[in-house]
Each structure stands twice: as C-alpha cells, then as structure tokens.
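In what follows, a single structure is set out as structure tokens and then discussed.
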Amino acid sequence: NSLSSTSGRQSVNLAAPLSSGTKWISFLFNQTGNNGGNICGVYFPNGGSGLFFGYGLSPFSPAQGRLGLGSTDTTSASPQSAGNLASTFLATFSTTPYLVAMEIEFNTSGVFDTVKVYLNPTADAASPGVAATYTVTTFDVGTISGIGFQNAGGGNAILVDEIRVGDSYADVVS
C-alpha cells in the first residue's frame with residue numbers, strides 16, 4: 001500500500017486485472033528532490049508498453065519538474081525511459097505529496113482508451129471537483145495487471161502511498 005525508493009524498479013500484481021469499463025486508480029505521490037531528468041514514478045504493468053506517471057518527461061529546474069503521463073516498457077526489471085504523452089503540470093519537489101486520481105475508460109475509440117489524470121482533486125467526494133489536468137485519447141492501456149515503481153536514480157526518493165483501485169471516484173478517495 002506504500003513505497004519509498006531511491007533506485008530500481010519493483011512491481012506487484014493486482015488481485016484482478018483491469019481491462020474493461022471505467023476504472024479509477026488513486027495514490028499520493030511525491031519526490032523529495034530533483035533526480036536530474038531521470039524517469040521516476042509509477043507504472044502500470046501490462047506485458048508491453050504501459051502507462052507511466054511521474055517526473056522526468058519534461059525537466060524544468062532544480063526545484064520544480066513537470067509531473068506527466070507517459071508510456072514505458074513494463075516488461076523489464078530495470079528502470080526504463082518513457083515516451084511523453086502529456087506533461088505540462090509544474091510541480092515542486094518536496095515532502096508534500098500530490099493526490100493523483102486516474103480515470104481509465106477502456107476501449108473508447110477502437111483500440112484506444114481514454115485516460116484522465118486529476119491532480120489534487122477534492123477528497124471524500126463523489127467526483128473530482130476539478131477539471132482533468134490531462135486527458136489522453138490516443139493510447140492503448142492494455143490489460144493492467146499490477147502497479148510498479150521506478151526510480152532511475154539521482155539520489156532522491158519517490159514516495160507513493162494510499163494506492164487504491166476502484167470502479168468509481170468515490171471508491172478511491174474516501
């Protein structure tokens with residue numbers, strides 16, 4: 001349910017894979033300092049090219065980075081690079097976490113899914129209460145079999161806590 005890591009890659013399987021309908025995933029995420037543009041964050045194993053969320057997709061400064069959504073190889077046991085799908089949100093490296101809520105609507109347009117990311121949405125509510133920070137409609141999420149953590153190095157820990165998966169927003173933020 002939580003992880004702190006300064007290097008490497010680890011993952012755990014979900015009790016049941018996510019592959020249809022609308023699913024929500026939420027977690028608290030922060031990185032204590034700048035890891036120099038290294039790809040550090042959360043990825044969702046699917047046996048191929050899966051979703052990634054974190055820092056390193058579009059570096060900014062020693063004190064701030066862009067928290068973004070990307071795609072990465074989920075089959076390797078070692079940290080991987082990630083392709084940038086969306087990374088405009090400027091975040092501050094610190095010990096204060098960001099609440100991340102992801103809405104995944106499977107197969108909304110042929111093989112593609114719709115992924116919405118809400119940063120710091122309203123907790124304990126029926127809906128996020130804020131507009132989606134990112135909406136991506138051109139990526140096939142595949143069947144998500146787990147959740148993984150990657151810190152490609154740089155010395156600063158990534159911290160992920162309160163990981164939740166559910167069928168509605170209220171399931172993952174209450």
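Observations on the structure shown:
- If you go through region 72-104 and keep only what is assigned to a strand (DSSP E or B), of a type in the set (A, V, I, L, M, F, W, C) and surrounded by fewer than 17 Cβ atoms within 10 Å (Cβ to Cβ), you end up with just 90.
- Just one of (1) under 22 Å from residue 72 (Cβ atoms); (2) polar (S, T, N, Q); (3) under 15 Å from the mean Cα position of the chain (by Cα) fails for residue 120. It is (1).
- Residue 115 satisfies every condition listed in (1) surrounded by fewer than 17 Cβ atoms within 10 Å (Cβ to Cβ); (2) assigned to a strand (DSSP E or B) except (1).
- Evaluation of residue 146 against the conditions (1) assigned to a loop (DSSP other than H, G, I, E, B); (2) touching a residue at least 40 places away in the same chain (Cβ under 8 Å) shows that the sole unmet condition is (1).
Readers should treat all values here as calculations from the given coordinates under stated rules, not as data from a laboratory. Keep in mind the model is a prediction, meaning the values are calculated, not measured. Cβ sites come from the backbone with ideal geometry, for glycine too, and all protein chains shown count toward neighbours.
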